[in-house]
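Read the structure below first, then the notes.
The values are calculated or read from the model by the stated rules, or taken from the named source; none is laboratory data. Not measured: the values here are computed from a predicted model. Glycine also receives a Cβ, built like all others from the backbone with ideal geometry; neighbour counts cover every protein chain displayed. In case anyone asks, the SASA skips ligands and DNA or RNA and just uses the protein heavy atoms, side chains included. Shrake-Rupley method; radii C 1.70, N 1.55, O 1.52, S 1.80 Å.
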Amino acid sequence: MNRFAELLDRLVLTPSRNGKLKLITDHFRAVEDPDRGLALAAITGELDIASVKPAMLRQLVSERMDPILFGYSYDYVGDLAETVSLVWPEAPESRPNHDITLAEVVQKLQSASRSDGPAVLARLLDQAETSARFAIIKLVTGGLRIGVSARLAKQALADLGSVDVAEIEELWHGLTPPYTSLFAWLEGKATKPEKAARALFRPVMLSNPVGDGDLEKLAPTDYAAEWKWDGIRVQAVSEGGIRRLYSRTGDDVSGAFPDVVAAMEFDAALDGELLVGSPREATGTFSDLQQRLNRKTVSAKMQDRYPAFVRCYDLLQLDGEDLRELPFTTRRARVEAFIATLDPDRFDLSPLVAFDSWDQLEAMRREPPHPIIEGVMLKRLDSPYLAGRPKGPWFKWKRDPHIVDTVLMYAQRGHGKRSSFYSDYTFGVWSGAEGAEELVPVGKAYFGFTDEELKQIDKFVRDNTVERFGPVRSVRADRANGLVLEVAFEGLNRSTRHKSGVAMRFPRISRLRWDKPPAEADRIETLQALLD
Amino acid sequence: MRPSDLLHSRPEGLYCPTGDFYIDPVRPVDRALITHGHSDHARPGHAKVLATRQTLDIMAIRCGPDFAGTTQAMPLGEKIRLGDVTVSFHPAGHVLGSAQISVERNGMRIVASGDYKRARDPTCTAFEVVPCDVFISEATFALPVFHHPDASQEIGKLLKSTRQFPERAHLVGAYALGKAQRVMRLLRDQGYDKPIYIHGALTRLSEYYQSQGVDLGDLRPATVEDGDKADFADAIIVAPSATFADRWARRFPDPLAAFASGWMRIRQRAKQGGVELPLVVSDHSDWDELTATITETGAGEVWVTHGREEALVRWCELNGIAARPLHLVGYEDEGD
């Protein structure tokens, strides 16, 4: 348990992706079965443990210590799980003579009944050391919050066995904790686990952005074009009565979209874009779609207000036949025929866009017919469906980003390589009446500039600091003095959380405008106009 | 005589009227008794200073040779009369030279413990329990949340990380006096025999520790004049943590920020400070050490100063010991 606790403690404070991968793969190497597999399950959210309410934790601790001292402690630490783990009275006499394993902890928690759950938890906390107590409490209160996605954990598995992550994703949903057969295969001690389960995820085919000069080398007649929809990529798989809706990284998101799942009355694997609204009348915006995302369950009201549907563009399997080896044109014909048989409220077809030349397509890309189109996709007519991001068969050609001139307001110190640099920037635009303008923050960005530019901004921040709040500095920013940052972003959502009322999608610094007086930066009205 | 007749606080610091001296005064006074060399306790400008030899040496290093009018070195355990009171210094286990100060008159003894810890520390003399009527305790980590683990276990984490990330420079933030040398000594105890690179602010104090018989091994300045950045891959560099945000830290390859402090027990503190590898190593007592020490002194009354006074006062109340916060100004809550 101490090893798992140490892993969690390190992961939560390690900012870099590579650092996290290294920590996880080292853990998988150092720890034996079944503990490592249970750690993997805990990280990927596959561990099934009855949850404990915060009130019960408080109750347990109040039976063990003075409530006033607990109050002082909780006020100071601010996090209930952490406070309880730290103040829990040490009970060395209840410690077993070995470090309790994650397997023991999981087994005891899973076999506890509702009524003896609290007592079981208390006994485990007595047996554990400080960091392990924190890990146990995190397991029972749900949500480790260590900044590691299931995707990253799968990448760590791929690194461990030097295999492609697509292989892990394809197997993933057929495996269960503690994944002994998976580890055995990755360590070369056994053959690859059979794909036993039904309705497994199939690794998706991804595209490359169109780069400078790419199109000159390509013949328009070799490619089909489709609109690029600004939804989320999904794979709808239904096989032998099992129905699953997967995200593009293979996460099972079925629970959030029961309306779509209910309509999956077929035996097939479809690739498409999840959107909300009515396919035949009005496709909803990305803001609308966000109402449905990141939910484990969804109310009937929500389903009614923001109905979900899949706009399909590929067919990977149909009635037991794997279509992935077939060329695009053949698959396209099959998907067109197949969609016509499905519930038109839940499935429709992403239409092809006819074009003769790149210039003609370029014009259409710049003026798409619908706000939820973010560009065009190019798909090579003779290409099979290939896992990963092969160079050549599929391209995405996005609409140009929006550009706005903002003023730097706050800078925060970065992490890791950038820990001595002010590298995370909050920027604002002007609002208020003429003569009484004020900057209102509209976003935050920490990339888009070169290392040399980072040094220049860092110097500007240090030379123009007005106030410091821990790792954050506010910098001089008024009509005459300040640094204008040109910011590029993909779209704008309404936000009740931000004072400005807007939230940018994918903002990044596109240019430093040392030449531009701050007074000439944009006003909030420019952004508000983009909302409608 | 009430205890407060023997010692009470004044704006300058804790004052003994019958002996006419202050303990760790924050403003220049005529006669000062100093518990240890940290800058919030040991300030320059007093006319006469009494402290241990090592504390006087450290004050001279930090504040210059003219830090006081006259000085007198107090051997540990030796008694001296100041006016009507008997004063003696006893080891506090905090940093090299640190002492508790016992003040006694007419059979009443008050012990001003300064900062102290009970955990093993190879760089200074271990704390000694001095039975007393009134014990003055620090409260830097006086909350039940603070448990300092075995320091060698924390140093083990640092060494493990250097093996996991050999391409990165490990920057260990540590207080320049005491913590830095303790961390280095603990590294040596675990068999780490490579050179340790140190920030300039640590040089003279570390040399002084070495001269006092604390072997810190091969210490080198963390400068890049003769080499290049890559030389610091796989290296351990010890520096005051404030330097991490400085341009100074840019000379190292992909630095991994570690911080050796009792505050690192709280995850949010580590997170806010951008610390990747928290090392819970403290030169102060944790909650259990504070409460055990109060019990062991047998004091019937406890005065609590700098830190989370209210929690320790509450604990004393629950255990039938009279206690009150002693409001002294000018000490850093953030020590460690």
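From the P(r) of chain B, could you give the percentage of C-alpha pairs in the tail past 35 Å? Of all Cα-Cα pairs in chain B, 23 percent lie more than 35 Å apart.
I'd like the FRET efficiency for A:A30 and A:A219, computed as 1/(1 + (r/R0)^6) with the beta carbon distance as r and R0 of 56 Å, rounded to 0.05. For R0 = 56 Å, the calculated efficiency reads 0.55. Buried accessible surface for the A/B pair, both sides summed and rounded to the nearest 100, is 3400 Å² with a 1.4 Å probe. Share of pairwise Cα-Cα distances greater than 20 Å in the stretch A:402-531 is 40 percent (whole percent). Taken about its Cα centre, chain B carries a charge dipole of about 260 debye when Lys and Arg each add +1 at the Cβ and Asp and Glu each add -1 at the Cβ.
Give me the inter-chain shielding for A:64-75: mean count of other chain Cβ atoms within 10 Å, whole number please. Average per residue, whole number: 4.
Taken residue by residue and averaged, Cβ atoms of other chains lying within 10 Å of the Cβ of B:264-274 number 5. Annotation: average projected area of the stretch A:2-141 is 8.8 square nanometres, based on the convex hull of Cα atoms across all directions.
Equivalent-ellipsoid semi-axes for the stretch A:208-398 (Cα gyration tensor, √(5λ), whole Å, largest first): 28, 20, 14. Taking the charge dipole of chain A about its Cα centre, with +1 at Lys and Arg Cβ atoms and -1 at Asp and Glu Cβ atoms, the residue from A:L171, A:S51, A:A269 reaching farthest to the positive side is A:S51. Here the Karplus relation 6.51 cos²θ - 1.76 cosθ + 1.60, evaluated at θ = phi - 60°, turns the backbone of the stretch A:210-227 into coupling constants of 6, x, 4, x, 4, 5, 4, 8, 10, 8, x, 6, 7, 10, 9, 10, 9, 5 Hz, with x for every Gly and Pro. Computed over protein heavy atoms with a 1.4 Å probe, the accessible surface of chain A works out to 46 Å² per residue. Once the Cβ-Cβ distance of A:N97 and A:S51 is raised to the sixth power relative to R0 = 30 Å, the FRET efficiency obtained is 0.45.
Ranked by the mean number of other Cβ atoms within 10 Å per residue, highest first, peptides A:272-278, A:26-32 order as A:272-278, A:26-32.
Volume per residue of the convex hull around the Cα atoms, evaluated for the protein assembly as shown, comes out as 210 Å³. Each peptide in A:228-238, A:283-293 gets a packing score, the mean of other Cβ atoms within 10 Å over its residues, and the list from highest to lowest is A:228-238, A:283-293. At a Förster distance of 30 Å, what's the computed FRET efficiency of A:D252 paired with A:A300, Cβ-Cβ distance as r, to 0.05? For A:D252 and A:A300, the calculated efficiency is 0.90.
Packing, as the average of other Cβ atoms within 10 Å across residues, places the peptides A:382-394, A:197-209, B:179-191 in the order B:179-191, A:197-209, A:382-394, highest first. Amide H contacts of B:L277: B:A257, B:A258, B:F259, each under 5 Å away and 5 or more positions distant or on a separate chain (H built 1.01 Å from N in the peptide plane; Pro and chain starts excluded). For the protein assembly as shown, carbon and sulfur atoms together expose 48% of the accessible surface, with a 1.4 angstrom probe and every protein chain in place. Per residue, the accessible area of the stretch B:98-257 comes to 36 Å², computed with a 1.4 Å probe over protein heavy atoms only.
Springs between alpha-carbon atoms under 10 Å, Gaussian network over chain B: tell me which of B:A323, B:A242, B:A174 tops the mean-square fluctuations. Judging by the Gaussian network model, the answer is B:A242. Think of chain A as a dipole: +1 on every Lys or Arg Cβ, -1 on every Asp or Glu Cβ, centred on the Cα centre; then among A:V237, A:L80, A:P518, A:L80 lies furthest on the positive end. Using Cβ point charges alone (K and R +1, D and E -1), the dipole size of the protein assembly as shown about the Cα centre works out to roughly 180 debye. Sorted largest first, the principal axis extents computed over the alpha-carbon atoms of the stretch B:151-279 equal 38, 32, 25 Å.
Taking every DSSP helix (H) stretch of at least 4 residues in chain A, weighting each as -39,500 (n - 2.57) and dividing the sum by the residue count yields a mean residue ellipticity at 222 nm of -10000 deg cm²/dmol.
Other protein chain C-beta atoms within 10 Å of residue C-beta, averaged over A:6-15: 3.
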